[in-house]
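Right, one structure below, let's go through it.
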Amino acid sequence: MNRLKTINKVAGQMSAIDRYSQTRLMNPESVLEHTGFVCFCSLMIARDLAEAGEEIDFAELLIKATVHDLEETITGDIACPTKYWDPQITREIKRVEREAGRKVLYDLDPSGELFTYWDTSKHGKEGFIVALADKLAVVYKVNQETMEFGNQTIKGHIKGLIPALMEMDEYNHGSGVITNHKIIGNIITEAIEICRTVI
């Protein structure tokens, strides 16, 4: 009966929360915009993989991409320096995020199915694609801010991004979660090249 009100409320909350809270942006990015990028990027990567013969569950992929940051409607976008200050704080933040995710997602879907997708949004083949797209969203934003707007204050986000992308590539080679290493490797290589042009 109030389905559209609930959807509008959550979308409104997502659009009100800005990412990169410790950085001045020329073109602020909301959680809703970020989610749109992750969905779009995940879909494009998955299509390339599927065309090369990789089996992809597109429904699972897009659900995971859509819900992956919904807990932020309660927690806000917690900056990485805070989130990873020390292991105890990281554990506590993860616990709070999980409780927030449970609250938001059970409000949207009392069956718990969406919460399960959120809880595993970066696990498995489809989750790996979402996790990669999530990193590529940072590459996109840093590139946009520095190259289009001349904003040098965001460069600090590159420091941990290149090693994280390399780690994802190594993980994929070791685990074989995506069998087509070439497509993933090429995307990661291109992302790292973009990062290096910004530094």
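Laboratory data are not the source of any read-out in this text; all were calculated from the coordinates shown. Note that the structure is predicted; figures quoted are calculated from it, not measured. Note that we place each Cβ from the backbone using ideal geometry, even for glycine, and neighbour counts take in every protein chain shown.
Structure data summary
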read-out	value
Equivalent ellipsoid, the chain (semi-axes from 5 times Cα gyration tensor eigenvalues, Å)	26, 23, 17
More than 22 Å apart - percent of Cα-Cα pairs taken over region 93-199	46 percent
Estimated FRET transfer efficiency (Asp48, Ser175; beta-carbon r; R0 22 Å; 0.05)	0.70
Phi-based couplings in Hz for region 109-121 (Karplus 6.51, -1.76, 1.60; Gly and Pro marked x)	8, x, 5, x, 5, 5, 4, 4, 5, 4, 5, 10, 4
Contact order relative to length of region 3-198, as percent, for alpha carbon pairs under 8 angstrom and 6 or more apart	23 percent
Added length on full extension, which subtracts the Cα-Cα distance from 0.36 nm per residue, Glu190 to Glu167	6.8 nm
Residues Leu32, Leu105, Leu4, sorted so that the one with the fewest Cβ neighbours within 10 Å comes first	Leu4, Leu32, Leu105
Taking the convex hull of Cα positions in region 54-97, its mean projected area over all directions (nm²)	4.3 nm²
In order through region 32-46: 3J(HN,Hα) via Karplus (6.51 cos²θ - 1.76 cosθ + 1.60), integer Hz, x for Gly, Pro	5, 4, 4, 4, x, 4, 4, 4, 4, 5, 4, 4, 5, 4, 5
Peptides ranked, highest mean first, by Cβ atoms within 10 Å: ranges 44-52, 76-84	44-52, 76-84
